[in-house]
Each structure stands twice: as structure tokens, then as C-alpha cells.
Amino acid sequence: MKKLFVSAFVAALTLSSCSSDDDTDILNEKNIEVPVSYEFTRNGASTVNFEGQTTRLQMSAEILSNFTDFDNASEEMLLNMFANENSPFANEDLNASSKSIKSKVAASNLYFSTNNVEASEIKADFDSWITEQMTTVKANKDMLAEAGQAGQIAQGTRVRYVNGKGLELNQAFAKSLIGGLLVDQILNNYLSQPVLDEADNRLNNDDELPEEGKNYTTMEHKWDEAYGYLYGDPSIPASNPNAVLNESDDSLLFNYLGQVDEDEDFAGIAEETFEAFKTGRAAIVAGDYIVRDEQVAIIRENISKTIAVRAVYYLQDGKNLLANGEFGAAFHALSEGYGFLYSLRFTNDPMTNMPYVSVSDINNFKDQLLSGNGFWEVSPDTLDSISEKIAAEFDFSVAEAAE
Amino acid sequence: MIKFSRLFIVFALIFAACSSEDDGTETGGETGGTDSFDRGAMLINWADNIIVPAYNNMAAKTQNVETAATAFTAAPDAAGFQQLREAYVDAYKSFQSVSMFQVGKAEEINYRSYLNTYPANTSNIDSKISSGSFNLELPSSFAEQGLPALDYLLFGMGTSEETVALYSSNENYRSYLNAVALRMNSLTAEVSNSWNGDYRDTFVSNTSSSSTGSVDKFTNDYVMYFEKILRSGKIGFPAGAFTGTASPSNVEARFNAEISRELYLEAVQSFEDFFYGRHFSGNGTGSSYKQYLEYLDSIKDGADLAGLIENQLDAIQSQSSSLETNLKSQVEKDNTKMLEAYDELQKAVILLKVDMMQALSISVDYVDSDGD
């Protein structure tokens with residue numbers, strides 16, 4: 001039995017392409033029915049499922065809500081939450097889950113399956129932010145921060161807690177998690193060809209052979225899992241997420257996709273991304289893998305751009321606030337910017353299947369931001385030059401991202 | 001741009017497809033992998049020159065363990081203890097050359113799970129010893145027997161002197177040790193007898209290229225062994241490759257971890273020898289995956305697939321020389337080296353599971369089940 005997809009695909013094309021009648025069928029898209037909302041059914045029942053993603057988004061939210069709770073949280077508790085060990089969550093359903101955030105950080109098929117050395121360094125970064133927050137920063141929580149010394153800093157009437165370099169570790173953790181968990185899993189794992197087309201996925205999808213005991217094919221489910229990392233927060237209506245764009249409780253990728261969409265230079269990016277998710281899923285139902293992969297490219301480009309725009313936005317915001325002497329607000333912006341910069345490593349340029357900005361450049365930018373006393377002494381030139389270099393890899397300008 | 005590249009791909013494929021008629025059976029025939037490679041001859045080489053001799057060797061080694069355990073428990077002393085330990089280490093090494101052959105009787109009786117589920121469940125072993133009541137035939141007792149249990153029973157009870165004293169004074173310990181040794185030997189004999197009996201013919205005559213044919217089925221097991229048992233079991237789990245948290249106690253032979261790298265190397269070597277069709281004994285070589293792939297002229301990235309796999313197997317061997325002999329200590333001291341080993345192994349997984357199986361027109365019957 002000739003089961004493998006490439007051969008099957010070529011064989012299918014042999015048949016169709018060599019008889020001229022069918023050429024148009026290939027060049028024109030197959031009958032893909034794109035629904036208005038993200039709803040797909042088989043035999044009257046939904047085939048959409050992304051519970052696992054919702055679970056991880058809830059775990060992330062609970063970690064983040066405890067990150068600055070110095071009175072009740074501890075290093076051990078947050079590390080346990082990160083790895084889901086020793087039943088750390090207030091939400092018992094999360095404790096009962098076999099899933100953990102940490103196991104999926106820097107864990108995509110495309111970037112990390114043969115790159116566990118770097119993956120382990122990245123996981124260790126997340127651990128280290130927790131540890132530093134709950135040791136050094138916690139110890140100084142009642143002191144004023146200054147260059148080289150962790151402590152409090154005011155942003156207007158709000159209190160922010162920073163390390164000795166002015167970095168808010170909760171922001172570093174949260175914004176880096178957008179890349180390290182969500183973007184990596186979406187772009188480089190679930191939407192990657194080795195995962196979508198693993199083993200007999202194409203054949204089973206063509207035959208509408210569902211997974212055992214499920215109503216979805218494996219490929220449909222992989223696609224939904226990608227969808228779930230972006231749209232799976234419980235406050236987002238599963239089939240029509242943009243109805244709550246910029247109004248949901250999500251604080252990760254969906255939130256920032258909304259914020260970028262609000263900038264008129266990028267208006268429409270949220271709708272286009274949702275359309276691509278719907279169209280790609282419908283293409284899978286129709287068995288049209290060419291159209292599916294076109295949607296993958298759109299999603300990769302848009303989500304990558306979202307990360308880059310926010311990185312530049314915050315670096316520029318931080319620069320302007322520093323110029324006004326508003327250190328608290330500036331450090332807050334730069335901390336977010338640092339996290340988005342960190343997340344750039346997980347972006348995917350569909351032309352190359354690699355990050356838009358090279359890993360060595362990203363590491364270099366991170367070092368520049370945190371060298372010496374970090375945000376206390378970072379220069380406007382440094383912030384501009386990093387911003388320019390990021391924007392240059394995308395099709396937007398620093399000015400467009402910054403407003 | 002996207003439209004353009006799609007058209008380009010389609011045209012490229014049309015071109016390729018229309019001209020493929022001249023290419024013969026480059027990657028197997030259209031009707032189901034009916035290339036003319038002699039699968040039967042390969043199966044015969046596998047069975048007669050590799051699998052059967054490897055199981056016969058293993059059967060002799062587990063017999064030695066049983067004999068040594070019987071002798072030691074009859075009259076516990078230092079010399080007998082030393083002999084038993086050596087027999088156990090010998091058997092553990094030999095096991096690495098049969099573990100990948102989980103077909104036929106071995107599959108039916110779950111041979112690998114009974115022989116080498118690790119880490120052993122030491123608290124269950126302790127309580128079964130102290131109650132004196134146990135049934136090693138229960139599937140729930142995988143982690144309480146086999147080689148990892150012997151590792152605990154022979155190396156996890158303190159110094160040699162303390163251990164000999166323990167066995168001298170405690171009937172329950174003696175009887176558990178004997179039961180473990182006996183069962184290991186009888187399971188091995190069962191598998192080995194089956195290969196020396198009818199199963200060999202059943203295996204080599206099933207040359208069909210369907211999913212139930214010997215080559216298809218065996219190849220799935222062989223590649224799965226490499227991915228799950230060798231890569232994940234020996235390196236990935238202890239290194240925390242899946243969780244981000246290293247777990248040194250998951251090392252194979254954790255109580256006698258000085259042999260852990262050797263067990264890993266034995267497994268890699270056996271896997272590689274099988275790929276090349278090297279006979280278990282002597283220097284002979286026969287029909288193998290390597291020859292099959294060369295026959296299929298499988299090309300990837302301009303290099304032949306057999307060559308790519310060879311290079312990767314070499315890379316694994318060469319990386320392994322940077323590991324300490326004690327992998328437990330390696331994990332504790334410098335886990336990066338373990339992760340590097342994992343990465344090299346994973347590169348081979350991709351070549352084997354995607355490229356090789358595709359080239360051989362074999363459908364993968366298992367997937368990485370780590371989605372949600």
C-alpha cells in the first residue's frame with residue numbers, strides 16, 4: 001500500500017495534471033466552504049476542540065496573577081505552577097490536568113525538536129525570572145529601586161517592582177511567554193508541516209477517518225490546537241473571537257493582536273488572521289492542502305508582525321518616557337518591550353521558515369538592553385537602533401509601529 | 001507572491017508527475033511498494049544472522065543469572081555475590097541487542113516491559129519483599145522485576161558486605177531475588193524458543209508489503225524503539241528533554257549507574273549493526289535497510305538517504321564519547337551534554353521515521369502523542 005502523503009500527492013497530481021480537464025480543478029481552489037464563524041461539524045456534532053490550550057492559558061493567567069503577590073506567593077509556588085507539580089493552582093481543574101506550561105515552552109517541532117540545548121536554556125530563563133522575582137525583588141519590596149538595586153518604582157500612582165536593571169520580571173515572563181509558548185506552539189508546531197502532515201494524517205483526513213473516540217481527524221485537531229492558543233481564553237467566544245477584540249480578559253497574544261489592530265497602520269490584521277484560521281480549517285475539511293498552507297503563511301506573517309510591532313512600540317514608548325524622566329513608566333514599557341523582543345525568537349517568516357530576526361541579533365539586542373545597569377542607563381540611540389533593525393526585517397516602519 | 005509560489009509549486013509538481021513515468025520504480029511501485037528488492041532475503045538475514053543469535057545469547061545470559069542467583073541464595077557469600085552481579089551486568093548489556101526486537105512472542109508476552117521497565121518501583125519491591133507475597137506475572141508489576149529490579153536488589157542495598165549480610169539473614173529477600181532471576185530467564189527462554197521454533201518461518205515468509213507484512217511491522221517497531229526506548233528512555237527522560245526538569249533517577253541502571261553509558265552505547269551499536277545488516281556473531285554482513293535504501297536510490301538534499309543515516313549514526317557515536325560513563329552523574333553535573341545527545345538522536349529519528357519509512361513506502365502506525 002502506497003500510503004505516504006507525498007507519494008499520494010504526486011500520484012494525485014499525475015492523474016489530474018496529465019489529463020487536461022483536471023488542470024483547472026487544481027489551479028482553481030477546491031470547493032472550500034468557509035463558514036462565517038469558526039464552527040465545523042461532522043454528523044451534526046462539532047469537530048472543534050482545544051481544551052488543552054485553554055487549560056494552559058488559564059495556568060498562565062494564574063501564574064501571572066501571583067507574580068507580584070509577595071505576601072502569598074513564593075518561588076516554590078510559582079515554579080510549581082510553571083511545571084504543574086504538587087497541585088499549586090487555586091483552580092483544582094488545573095491541578096488535575098496532566099499538562100504543564102513549562103513542557104511546551106520552546107518545544108515546537110520546527111525550532112526545537114533537535115535543539116534541546118537552546119530549549120533548555122530558554123526554559124531556564126523563565127525559571128530564573130520566577131526565582132529572581134521571589135528572592136531578590138521580594139527581599140527589596142519595601143525599598144526604593146535604584147540603579148543596580150531591585151525595589152519599588154512608581155508609575156504615577158501605581159507601584160511597579162523591578163530588578164537591579166529596572167526590568168519588571170513579571171512583564172519579562174508574561175511577554176516572553178507569548179512567544180515562547182503561544183507563538184512557538186502555533187506557528188512552529190501545530191501549523192508546521194511535519195505536525196500537520198505527520199504519519200498518515202493526510203490520508204486519514206482525506207478519508208475523514210476521525211481519531212479513535214473523537215469526532216475530528218488528527219489534522220483538524222492540530223489546526224484547532226493552533227487556534228486555541230490564540231483564541232482559547234475562556235472569556236473569548238470560541239466561534240467568533242473578534243466580537244470581543246480588545247474587550248476580552250485575555251492578556252496574552254489575542255490581547256496584543258487587538259492592540260496592533262487598533263493602530264490604523266495595521267487595521268484589519270485581526271480580521272485577516274481570523275479569516276486565515278477559518279479558511280485553513282475549511283481547506284482541511286475540503287482536503288485542499290495548498291490553500292491550507294497559504295493560510296499558514298498568512299497566519300505566520302501576521303502573528304510574527306504582531307510581536308515585532310509591539311516590540312518596537314514599547315522600545316519607542318520607553319525611549320520617549322525616559323526623555324521625560326518618567327522612569328517608572330519607561331521601565332514598564334521597556335520591560336514589555338524586552339519580553340516582545342524575547343518573543344521575536346519564536347516568529348516565523350514563511351519565506352524562510354526561520355525567525356524574521358536572527359537568533360544572534362535578538363540575543364545581541366537583549367544584551368544591549370540589559371548591559372550594565374540596564375534600563376537605568378540605556379541610551380535613546382540604542383533603543384532607536386534596535387527598533388530600526390527589527391522594523392527593517394518586516395514591512396513596517398518604526399514610526400508606524402510607534403504611534 | 002504567495003499566489004506565485006503556489007503556482008510554481010503546482011507546475012513543478014505537474015512537471016515532476018508527468019515525467020515520472022520514465023523514472024521506473026524510484027520510490028516503490030504505484031500499486032503498493034511492489035519494488036523488486038528481495039524482502040525475503042533481508043528477513044532471512046535479520047532472523048538467522050541477527051535476531052535468533054541475539055536471543056540465544058540473551059537466553060544464555062539470563063540462564064547465568066538464574067544459576068548464579070540460585071547458588072548465591074543457597075549459600076550467600078561474597079564470591080557468589082560478585083558472580084551474580086557480574087552475570088547481571090552481562091545480561092543487561094546483552095539485553096540491549098534484543099530489546100528492539102519486540103515482534104512475535106516478545107510482543108505477545110510484553111517481553112521488554114517485564115525485562116526493563118525503569119526506574120524500578122523500589123517501595124513496591126520493598127513492601128512485596130517484606131510481605132513475602134507477590135505475583136510477578138501481573139502486568140501491574142512491570143516495575144518490580146527484570147533488570148531494573150536486579151539493579152536495585154544487587155546495588156541498592158548498601159555496600160557489598162551489607163548486601164550479602166542482608167541476603168544471608170533474610171529469607172524473603174532471597175526468595176524475591178530468586179523469583180526475579182527465574183522469571184527473567186523463563187521469559188527470555190520463551191521468546192528464544194519461539195524464534196528457534198515455528199516463528200522464524202512465519203516471520204521470514206511474510207514478505208508482503210502490506211501493513212501486516214513482516215518488514216512493515218518490524219520497521220515500525222524498530223523505529224519506535226529508537227524513538228521511544230532508546231532516545232526518550234535512555235537520554236530524554238533523565239535529561240528532562242520533555243519537561244525542562246532533569247531527572248537523574250530516571251537513568252537506566254540508576255543504582256549501578258557506572259554502566260549506564262555502556263548500556264546506551266550497546267543499544268546504539270546494536271541498532272546501528274542492525275541497520276547495516278551486520279551479523280550478531282563474526283564479521284559477516286547481509287541484506288539490510290542500508291542495502292534496501294541504496295537500492296531504492298533514495299535521495300534527499302542531494303545526498304543518498306542511507307548515507308545521511310550513516311552520518312547521523314556516526315554523529316551519535318561521536319557525541320556519546322563526550323558523556324561520562326555514569327549518565328546519572330552526567331545529568332547532575334552537566335546536563336547540556338545529555339541534551340546534546342538527545343538532539344543528535346532526534347535528528348536520526350526524523351531521518352528514520354519520516355524519510356526512511358517514506359522511502360520504503362511503509363506507513364507509520366504510531367505517532368507522537370504529545371498533543372492535547
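Throughout, read-outs are computed from the coordinates displayed, never taken from laboratory work. Keep in mind that this is a model prediction, so the values were computed, not measured. Glycine also receives a Cβ, built like all others from the backbone with ideal geometry; neighbour counts cover every protein chain displayed.
For this structure, a couple of remarks:
- Among the GluC sites (Glu not before Pro) found in the stretch B:120-187, those both in a DSSP coil and sparsely packed, with 14 or fewer other Cβ atoms within 10 Å of their Cβ, are B:Glu137.
- If the Kirkwood radius is taken over C-alpha pairs of chain A, then at 25 °C and 0.890 mPa s the Stokes-Einstein diffusion coefficient equals 110 µm²/s.
- In sequence order, the stretch B:191-198 has phi-based couplings of 5, 4, 4, 5, 5, 6, x, 6 Hz under the Karplus curve 6.51 cos²θ - 1.76 cosθ + 1.60, θ = phi - 60°, and Gly or Pro positions carry x.
- Inverting the pair-averaged 1/r between distinct Cα atoms of the stretch B:207-372 gives 16.7 Å as its Kirkwood hydrodynamic radius.
- Cβ-placed point charges (K, R +1; D, E -1), dipole of chain B about Cα centre in debye, nearest 20: 680 debye
- Computed per residue of chain A from DSSP H runs no shorter than four, each worth -39500 (n - 2.57), the mean residue ellipticity at 222 nm is -16500 deg cm²/dmol.
- Relative intensity, log₁₀ I(q)/I(0), of chain B from a Debye sum that treats every alpha carbon as a point, q = 0.08, 0.09, 0.14 Å⁻¹: -0.46, -0.57, -1.21
- Largest first and in whole Å, the equivalent-ellipsoid semi-axes of the stretch B:126-243 read 36, 21, 12, each the square root of five times a Cα gyration tensor eigenvalue.
- Among the listed pairs A:Lys102/B:Lys347; A:Lys138/A:Lys175; A:Lys102/B:Lys217; A:Lys99/A:Lys389; A:Lys278/A:Lys319; A:Lys138/B:Lys328, a Cα-Cα separation exceeding 32 Å is found for A:Lys102/B:Lys217; A:Lys99/A:Lys389; A:Lys278/A:Lys319; A:Lys138/B:Lys328.
- Cα centroids of the stretch B:165-240 and the stretch A:159-177: 51 Å apart.
- Dipole check for the protein assembly as shown: with +1 at the C-beta of Lys and Arg, -1 at the C-beta of Asp and Glu, and the Cα centre as origin, the magnitude is about 2080 Debye.
- Listed by Cβ neighbour count within 10 Å, with the fewest neighbours leading, A:Ile299, B:Ile125 appear as B:Ile125, A:Ile299.
- Applying both filters, DSSP loop and at most 14 other Cβ atoms within 10 Å, to the chymotrypsin sites (Phe, Trp or Tyr not before Pro) of the stretch B:278-366 gives B:Tyr366.
- Ranking of A:Val359, A:Val117, B:Val103 by count of other Cβ atoms within 10 Å, fewest first: A:Val359, A:Val117, B:Val103
- With viscosity 1.306 mPa s and temperature 10 °C, the Kirkwood radius over alpha carbon pairs of the stretch A:152-266 converts through Stokes-Einstein to a diffusion coefficient of 94 µm²/s.
- Interchain or long-range residues, amide H under 5 Å from A:Arg42's placed H: A:Thr47
- In degrees, nearest ten, helix A:327-343 long axis to first principal axis of chain A (Cα): 30 degrees
- Residue among B:Ala106, A:Ser192, B:Asn206 farthest towards the positive dipole end of the protein assembly as shown, charges placed on Cβ: B:Ala106
- Interchain or long-range residues, amide H under 5 Å from A:Gln155's placed H: A:Arg160
- Sequence of B:Lys353, B:Lys234, A:Lys141 once ranked by neighbouring C-beta atoms within 10 Å, starting from the fewest: A:Lys141, B:Lys353, B:Lys234
- Reach of A:Lys214 by Cα under 17 Å, taken over lysines that are not fewer than 8 positions away in the same chain: A:Lys222
- For the protein assembly as shown, the Kirkwood estimate of hydrodynamic radius, built from reciprocal distances between every pair of different alpha carbons, is 29.0 Å.
- Size of charge dipole - chain A - debye, nearest 20, with Cβ of Lys, Arg +1 and Asp, Glu -1, no other charges: 960 debye
- Part-to-part distance (alpha-carbon centres) for the stretch B:243-309 and the stretch A:203-278, which is given in Å: 41 Å
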